[in-house]
Every structure is written in C-alpha cells, then in structure tokens.
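Down below is the structure, laid out as structure tokens.
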C-alpha cells in the first residue's frame, strides 16, 4: 500500500516553517497536488486590480504590504499572468517583470526587499517621478513594510510618496488616488476564505486514493477529511477565525492553510497509520488524539509547532474545552434522558466512532452512570472525566446548539457582542448604557451606578485615602452613540463589522466627536465591570486603552476655561452610594457646597 | 571634583561617602512621591525658575540664593490633624479647634440632604490628595500638588513625639505654631533638590528649554484645578488671619531659608537627556494630574538611572559592559529565562554601587597621600583630611573610637617598621571603608531599589529580589517623553533609542550589541519573544500600532477627532 499522495502534499504545508517567505506562493502554484486542481482563491483585490485599476488608460501605481503569508507575491504573479495572458517566462528567476501595454508600462516588483537597497531606492525615485512628470511607468510593488519605510525615510524626493503610504496605511487605501494606492493585505479577513479552503482540502478527488485502503477504519486522517466537508463544522471553523478577527488578531492565508491542513493530518503520514494495522487495539486507544477537533488546537503537536503556527498559537489562548460548562458537561454525561429529541442527538453524536475510541467512551460513560463493578471508588477521579475536554471540543464543532457551545469561549458576552453587530436596536440601546456604566467605573475607580451620563474624571492615582475623583466633564447618554460600522471595501475581502462608540462633545464645547473602537476584549471588559466584575480581569489588555480614551476625551473636550472653572464637582460617598457634589468659593469668601450640576 | 549647586563657603562638617559620588544628597527615608513634591516645592519656591540658588558650577548668576518653603500650617492641620493623629499635642488640639470653629462660619451647604458635617466633606476631598503612604505625624504628611496652593514643605513640631502632657495650654493663638520647624529634611531629604539641579545642569546650554519647562510646570500648577486651589487657599488664610491678624507669620518667615545641595558636575550628557525627556513630556496634551503622575514616574526613573550611571562611572569599569538593564516583558511565559538574567543584572547594579563607594575611598586616600609635600609625615595630614572630607567628627563616639583604635594599631605597626607604607595605606583604606560603608548601607544603598520598585521599573513591588520591568505608567511616561505628540517611530528604532539613552535592553539586537548575549548566553529566540511581548503590551496600551509585516510603529497618540483610533 502506498498511501494517498494528497496527504503527503498537505504534510508539506505543515512541516514548512511559517517563516519561510516564499512558501505560500510556491506551494499553491508550483507544486501541484497529484490529484485534483491546485487551490485557487479568488480575491477581490485581484479582480479590482485587473478589471478596475489596470484597465484605466493611466492607472496609479500600487504598493502591496502585508505579513509574510498574506499572498503579496502570489498576487503579483496572478496579476502578471493575467496581464500577460500566461505566466511570464522566467517568472521565478526574476525579481521584477515589465510589460508594455497600450498607454503605460507595468513594472511588477515581486519583493522590494529582494532587489537590494540601491535598486530599491531608484525604483521608488521613479515612482515619485510619476507624481510630477508624465512618464509611462506604472508600478505594482510587493513590499515589506519595514523595508519600505526605511527606504522612504530620509529622502526628501520621496516625501510625497512617504506621506501617501503613511496616510493610506493608517486610514485604508484611497482607491481613486491619482498616483498611488497602498493596500495592506493584513486588512483581509481570512475567515472569509475558510469555506473555500475547506472545500478544496476535502474535495472527493483528493481522497479517491483512500478507497480500498486497509487502514480505512482506523485512519484519523480520512476521518477528519470526511468530517471537515460538513457544513456545520466548516461554519464553526469560520466562527473561530471571526472571533480572532474581533480580537484584532490577523491570521494570514498561509497560516490558515497550515492550520487547516494540520487539522486534517495531525502531522500523521499514511505510512504511519498503515503500520498501525499491526497493533490495531493499541492504536484505537490513541487515534482519538489525532481527530480534527484536537488537531485544530494543536493538542498533540509539539511546542515548536504550536509556537510557530500562528493560528494554533492564538487559538490556544481561547482555551476552549478546558473549563467546565454545566449545560455542556451534563449533555455529554447524561445525554438529557428526559428530552427524547436531545437523546436522539446524543446517540448520533456519541455513537461508536474513531474519535471516541470506537466504543470506549460509551462504555466508560455507562459505567459511570450505572455503577457496578467497573464504577470508580469514592476517592477516585472517574475515568470519564478524562473524556470531558475531548468531548467539549467535539461538541464545539458538531453540536447544533450554538448558544450553548458559545459559552465554551472564555467570553461571557460573546453572543451579545455578535448580536449587536447584527444590528439589534434594543440590544444596542441597552448595551450602550452598560458600556457607559463600565466606563464610569473604570474612569473613576469607584463602584458608581450612573448610566445616564458619562463622567470623565481626574484623580490622584496613588491616593492613600478613599479616592475622590473630580469630574471634569459629564456627557449625557444622548451624546453617545453605539453603532456598528461595516469595514467592507470594494477592493479587499474585508467581511467585518466593528462596534464603535461615538462620543459627541457636551453642549458649548466646540470639538469633533471622538470615535472609539470596541473590540471583543474591550467589550467583555466593560460589560463585566458594568455587571459588578472586578477590575483585574482583562485589565492588562484593556486598562491602558481605556486610559487613552480618557486622555482623548479630556484633551479634546475640556477647554482651558473649563479647567479654570470656579467649581469643583466630585463624587462623595453618601450612605451606600456615591453622590455628585460641587464646591466653590463665593464672592464673600465663603465655601459653598451644592448638588452636582456642572 | 567639580560640583554644581550651592556649596557653603565655610563647609567644615564634611559629607557622607555617598554624597561625594551621587551628590548632596539622596537618602532612603524619602518616599518616591516626595521627589516630585520636593522638586516642585523648590521650583515654586524659586518663583518657577530653573538654574536658581546655585553658587558653583553654573555659567549664569542666580537671581535668588534661597527658595521659599511652603508652610501652610492651617491647610495642613485641617487636612491631616484629626482624632486618630499619632502625634497629638495640646497646642495643635487648640489650633485645630479654633480653625474648625472659624471655618464652620464660612461653610454653607445648599444641599440639605448632605450626610455629615460639610466641613468633613471638604476634608475628605482634600484627603484624597494625600500623597504619602505612611504612618506619619500630621506635619510630615503631604498633598499631591493638584494646585500650587497644595504644596507643603516637610515640618516638625519639636519634641512633639515625646510630649507627655495632655492638658490644653490655652496659649495665645499666635504662639501655637512657634515650635514648628521646617529644616528637618527627614523626608524632603534633598532628592527633589538633586532633581532640580539635574534639570538646571541639563538646560545650561538650552535656555529656551529651561524656560519652557519652568513655565509649563507653573501653568500646570496654577491653571488646572483652580477651584480646588481657591478652597485650599481660603482654608489656609482663615488660619493665618486668626493667628496673626494680617501680621507676618513667624513660621512662614522661618520657613524661608531653603538652600540647595549640590551634584557632581560630570556626565552632563545624561543631565541633558533628562532635560530633553522632561521638555518633551511636558508637551503632552494630558490632564494635569495624569501628567504630574507621569512626571513622578519619570523622576524616579531618572534618579535610578543617575544612581546606576554614577556607580559605573569609573576608569576601572567599562560602562558598556556593566550598564545593561534587561527589561523582562515575558512575565514568566518563557519559563523565567529572561527574568533570571534580568534579576542577576539588577543585583549586579547594587554590587556596582558598593564597589563604586569602595573605589572612591581608595582613590581619595591615595590622591591625598600623593599630594603631601613631606612623604614621611603623611599620617597626621591624612587623618585630618579624611576626617574633614567625610565628616567623621559627626559619627557616634563608640564607632569613631573603634575606628581610631584600628588605625592606631596600624600606625604603631607602621612606626615600628612592621608595615610598609603601601601596606599601611591598604589597611587604612580598609578601616576607613568599613566605617563609611555603615552609613552608606544604612542610608543610601537602598535608594535605587525603593525608587525603582515604587515606579514599577523593578518588580515585584515587595521583597528583596527584583528584576527590571516596565510597568504601565512608566512605559507610558517613557513613550511620551521620547516622542512629540503626533510623532511616530519604528518600534526597533524606539528600542534602540531606549538602549542608547538609558541602557535598557529588550530585543536581540541590543542584547548582542551590548555584549549581554555573550556574557549570559541563551538562545537569541528568547530576546525576540521578549521584544514581541513588550510590543504586545504597547499595542494594548495604544502606544504602538502594527500595520503589517511585524513592522510596528510606536506613537505618541495625539487626539484625532472623528478618525478611527483606539
């Protein structure tokens, strides 16, 4: 038996170091899988560049930045192939390639870092010249951002280019810019490509070779490939990636492919599995460690691989499956005996199967439930407990109860967060008030109860006694808007909405509103604080950015006259709550104490 | 040795060993926040001007030689003197009662639902600005200077801690403050003066910076929280009117006698870096309390570095090899590898401080001996010179006697021909070092640790061990002090700057460049992870942005209205 060549092909993804720059382009386009077609991910940017930009008579130049693995080189190659009609000759040997078209000359630079400092500078000089002089040159440059910045700094001729690069990296591409459009491929939401990639990885033609394999029944690889073609499981993979994106973690296309390929193979080869035919019984006890829902978190992977595979490294931080959620564990263990529908589901999910050690899990579950000779003694940890993290992870991908499995994420407010992004107005209204409360508590360090105004306070940070925050501005809730903003772009696959808090200045203050992006972490932090959570959880990730927001609010909304204001407004402890008070010296040199109106 | 500051022309008493190396003076008793408080008091006492009160080392002539100390006994007693006071005194009981009675006439609450006395509400507001975490007598406590009118100079009621009587004395009001003194320097031990001198020395060549720093600080202390300042002033004036009926306040007059100490005038490059940092920091568009907090952290950071720099400034020591401060950003995620190295570098610094002290004594003795015209009769001269330099006369009688006994024994042996001159000098240096290190260890050696831990430059906060870290506020202070508002810098360049300016090491480049990688060989990968960990922290803090390709930009975030940020 020789095994499936596609498995060998996949394992080449996973063994290649993610740091290897050329790997993505190389594997996708050059090394064809033995069966089936190579993966072809159609991207908006490719269509945009070919159909919209380079079809103009005088197109602007384009700079592509992004992480290694985002597909800069791949994209250059696709564009060159389309503009040329076929893959340009000697493409692999050249660092750049030029093509005369009617009207302009397209110069494609595969990697700015590879052409040397002097040539790189010359190239950017030529690009800068297109700003002022009529030339034929149009550039498509794939660049490492660090190298690009280094070449652009300290050269006055390049000042305009530098400013444009800076501005477009900060604010996104200016698609109708006359001279230069800068795309940061980091902005692409990789989750968008999960279905397409999984479809290709599990395509039947790639797995035909497995037919007739004697190891078929004990092979986790084939088991995984089969499972990953399931729509529900694919959707759960996509959701995982979306959660990372909402934590502002970007996974490159290449890291995604490495992750998905590893989820299938678990680093195993056909020959290794086939060898297990000789000691089948021992293998059955181990095979469930290599099923996709374990591989996806890199459970059986070694430390080096876990660290290098970015998707696994980041997913492990989510810690799914390691903590107990009663609703999930109860279902795993009892299968909800009172609910016939759920019982049915339980039977279907926990049937004899390779991922459950064939009958092993069911046997141990029944032993636990029914007692008898094999049931554990009082002081023993039941064997069944060892199955729980495994089964939680399985349910995470396979159980339809979305709300319940979302509780396996370490975020208490994840469901609400996504509900808000769907635009549920009532939830948005309530969440805004909770977020304001969370901000009030975070700003003041006091357990305030006000949700109707946002109080931006200033206080001595190292107070020995009870802190008394001084309120510098209060912003009524009607001046605050919680909304979601679509990040879609006609030129980039960026399928994402962001939650934004827009804070308008109080009356009489002449300033632009302040927008604050609330990502999943900040949302979780503020919601927890508003619900009475302590300040330490997620503080390292969120406290400083909240301080930054406070700095911004103070520096834009507090005007000099106001900080000179003749009253002190502060929170004073009053029985069981904090009450707003004000104090000032009047014209008769008396100290007056009043209510908290600013 | 060149000195910069105020040097008393008839100084006879000498100075402790540490003063000769680190200036007059830094002492363990001073709380970290009191460096800021004392510094601002001195600056405000010189009418918000730098470069004042200096009679040696400066290019310009000072307008003032003495700075004003802020007594504010009325305000201070109102805020800090209460039933739980640890050092009660009948004079203060009386003064406090009188003041409260008078204030009650002046306070009106419009809110009838107010819980408790209105006067107490004012007090609890003021107490929220208590700056020093310690069980101290009311007169030695301080307020965080949210406003100029909250500046207080350390005071002492003579004999109060030993006072046994508890009956009210019913003295005339004007006598109640008479026994209060302002020249103790237990807590305002001159650390703030040293910082004032560093900033003055660092701006000798840059008058515009000097003016900007002073003016901006004045603005911060006078324009922000003006209402709070008014309330504080009213309380204090209520007392002085009651007490002196508009006449000169004797305590205030007495208080007006502050004269600066001095610093060694070398390594001016570092003084200029300090001045640049503060100049840049003060440009930040931040709330005044936040900015003063950042300033307090930066002062602690600068003083710690100043101690390390001077400890390593010696011909026998290669600065670069010794001055490596590895920041541990991993928080144990690497199994404590970086932490271990950072901790060993931290304890190295302490060893360097002691070593510098030892070398200094030896150098002084040798230099003096070499300078005497009559090499045979050097012992007498040496003894009196050293006694004068290090102020041995002020030592405890027994300590001094045991030192003298040891020296006399060596003299006998030398005179009897049993010791060579070199061996005698060696023994003398040893005995002198021993006696000087007593005070050195007790009053100076711990200063760097106390400061560095308070500002989270060294963790953990408690306990004897330590490693270099960058706590949130310190990290923010350093970033703001190195970039102008709106300015950006590539992360790697920022790290290089931290190395060049402060000797901080985070990533593999500086670990290699500094020789640390060679000295403490570990896999370079750990430094890379450390570098990434710090970046992650800065990203969370909004101090850095990463667009692509692991090319991060450190930013001093300027308020951008309407745009996407955060």
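The values are calculated or read from the model by the stated rules, or taken from the named source; none is laboratory data. For clarity, every value in this text was computed on a predicted model and none was experimentally measured. Using ideal geometry, Cβ is built from the backbone for each residue, glycine included, and neighbour counts are taken over all protein chains shown.
Restricting attention to the stretch A:130-159, and to residues there that are more than 14 Å from every other protein chain (Cβ to nearest Cβ) and under 33 Å from the mean Cα position of the chain (by Cα), which single residue is surrounded by the most Cβ atoms within 10 Å (Cβ to Cβ)? Here the answer is A:140.
Given the stretch B:195-312, what helices (runs of 4 or more DSSP H) lie entirely inside it while holding 1 or more residues that are closer than 28 Å to residue B:18 by Cβ?
Values: elements: B:207-223, B:226-244, B:250-255, B:268-281, B:288-312.
Those helices (runs of 4 or more DSSP H) span B:207-223, B:250-255, B:268-281, B:288-312.
Exactly one residue out of A:553, A:544, A:520 is more than 8 Å from chain B (Cβ to nearest Cβ), closer than 27 Å to residue A:484 by Cα and either touching a helix residue (DSSP H, G or I) at 6+ places or on another chain (Cβ under 8 Å) or at pLDDT below 90 (or both): that is A:520.
Restricting attention to helices (runs of 4 or more DSSP H) lying wholly within the stretch B:458-566, give those where 2 or more residues are at pLDDT 90 or above and either closer than 30 Å to residue A:71 by Cβ or within 10 Å of chain A (Cβ to nearest Cβ) (or both). Spell out how you get there, then give the answer.
On the way: elements: B:472-482, B:491-502, B:508-513, B:516-519, B:524-540.
Answer list for the stretch B:458-566: B:472-482, B:491-502, B:508-513, B:524-540.
Being assigned to a loop (DSSP other than H, G, I, E, B) and closer than 30 Å to residue A:288 by Cα is a condition met by at least one residue of the stretch A:193-205.
Quick one: would you say residue A:577 is more than 8 Å from every other protein chain (Cβ to nearest Cβ) and farther than 22 Å from residue B:129 by Cα? Taking the combined requirement at face value, the residue does not satisfy it.
Please determine, by comparing only the residues of the stretch A:523-536 that are within 14 Å of another protein chain (Cβ to nearest Cβ) and either modelled with pLDDT of 90 or more or touching a helix residue (DSSP H, G or I) at 6+ places or on another chain (Cβ under 6 Å) (or both), which one is nearest to residue A:44 (Cα to Cα). I'd like the intermediate steps shown before the answer.
We begin by selecting, within the stretch A:523-536, every residue within 14 Å of another protein chain (Cβ to nearest Cβ); these are A:523-526, A:535-536.
Restricting the remaining residues to those that are either modelled with pLDDT of 90 or more or touching a helix residue (DSSP H, G or I) at 6+ places or on another chain (Cβ under 6 Å) (or both) gives A:523-526.
Working: A:523: 30, A:524: 32, A:525: 35, A:526: 36 Å.
Step by step, filter the stretch A:523-536, then rank; the result is A:523.
Every listed requirement among (1) within 14 Å of another protein chain (Cβ to nearest Cβ); (2) in contact (Cβ under 8 Å) with a residue 24 or more places away in the chain is met by residue B:57 save one, (1). Residue-level check: of (1) part of a loop (DSSP other than H, G, I, E, B); (2) facing chain B (nearest Cβ under 8 Å), residue A:449 misses just (2).
Would the stretch B:81-95 turn up any residue that is more than 9 Å from chain A (Cβ to nearest Cβ), under 18 Å from residue B:237 (Cβ atoms) and buried (at least 20 other Cβ atoms within 10 Å of the Cβ)?
As a first pass, look at the stretch B:81-95 and keep what is more than 9 Å from chain A (Cβ to nearest Cβ): B:81-95.
The next check asks that each one be under 18 Å from residue B:237 (Cβ atoms); those that pass are B:81, B:95.
Keeping just the survivors that are buried (at least 20 other Cβ atoms within 10 Å of the Cβ) gives B:81, B:95.
Scanning the stretch B:81-95, I find at least one residue that is more than 9 Å from chain A (Cβ to nearest Cβ), under 18 Å from residue B:237 (Cβ atoms) and buried (at least 20 other Cβ atoms within 10 Å of the Cβ), so the answer is yes.
The set of residues from the stretch B:5-21 being surrounded by fewer than 24 Cβ atoms within 10 Å (Cβ to Cβ) and in contact with a helix residue (DSSP H, G or I) (Cβ under 6 Å, 6 or more places away or on another chain) comprises B:14, B:16, B:21. Within the stretch A:452-482, the residues that satisfy the criterion of being assigned to a loop (DSSP other than H, G, I, E, B) and within 13 Å of chain B (Cβ to nearest Cβ) are A:459, A:460, A:461, A:462, A:463, A:464, A:465, A:466, A:467, A:468, A:469.
Residues that are touching a strand residue (DSSP E or B) at 6+ places or on another chain (Cβ under 7 Å) and in a helix (DSSP H, G or I) were ranked within the stretch A:421-435; the one that is farthest from residue A:450 (Cα to Cα) is A:421. Does the stretch B:119-139 contain any residue that is closer than 20 Å to residue B:85 by Cβ, surrounded by fewer than 23 Cβ atoms within 10 Å (Cβ to Cβ) and away from chain A (no Cβ under 14 Å)? Yes, there is a match, as at least one residue in the stretch B:119-139 is closer than 20 Å to residue B:85 by Cβ, surrounded by fewer than 23 Cβ atoms within 10 Å (Cβ to Cβ) and away from chain A (no Cβ under 14 Å). Residues of the stretch A:483-505 that are more than 14 Å from chain B (Cβ to nearest Cβ) and either within 17 Å of residue A:432 (Cα to Cα) or in contact with a helix residue (DSSP H, G or I) (Cβ under 9 Å, 6 or more places away or on another chain) (or both): A:490, A:491, A:493, A:495.
Based on what the data block shows, is residue A:515 at the interface with chain B (Cβ under 8 Å from one of its Cβ atoms), more than 30 Å from residue A:44 (Cβ to Cβ) and touching a strand residue (DSSP E or B) at 6+ places or on another chain (Cβ under 6 Å)? So that I can check it myself, show each step before the final result.
Details: at the interface with chain B (Cβ under 8 Å from one of its Cβ atoms): yes; more than 30 Å from residue A:44 (Cβ to Cβ): no; touching a strand residue (DSSP E or B) at 6+ places or on another chain (Cβ under 6 Å): yes.
Considered against the rule, which asks whether it is at the interface with chain B (Cβ under 8 Å from one of its Cβ atoms), more than 30 Å from residue A:44 (Cβ to Cβ) and touching a strand residue (DSSP E or B) at 6+ places or on another chain (Cβ under 6 Å), residue A:515 comes out as no.
Among the residues in the stretch A:93-110, are any modelled with pLDDT of 85 or more, part of a helix (DSSP H, G or I) and away from chain B (no Cβ under 14 Å)? No, every residue in the stretch A:93-110 fails to be modelled with pLDDT of 85 or more, part of a helix (DSSP H, G or I) and away from chain B (no Cβ under 14 Å). So, in the stretch B:22-31, how many residues would count as being surrounded by fewer than 22 Cβ atoms within 10 Å (Cβ to Cβ) and in contact with a helix residue (DSSP H, G or I) (Cβ under 6 Å, 6 or more places away or on another chain)? Total satisfying the criteria: 2.
Here's a check for you: in the stretch A:175-196, which residue that is more than 30 Å from residue A:230 (Cα to Cα) and within 14 Å of chain B (Cβ to nearest Cβ) is surrounded by the most Cβ atoms within 10 Å (Cβ to Cβ)? Of everything passing the filter in the stretch A:175-196, A:183 is surrounded by the most Cβ atoms within 10 Å (Cβ to Cβ). Checked against (1) more than 14 Å from every other protein chain (Cβ to nearest Cβ); (2) surrounded by fewer than 24 Cβ atoms within 10 Å (Cβ to Cβ); (3) touching a residue at least 24 places away in the same chain (Cβ under 8 Å); (4) in a helix (DSSP H, G or I), residue B:51 passes all but a single condition, namely (4). The residue that is nearest to residue B:156 (Cα to Cα), counting only those in the stretch B:104-114 that are modelled with pLDDT of 90 or more and more than 8 Å from chain A (Cβ to nearest Cβ), is B:104.
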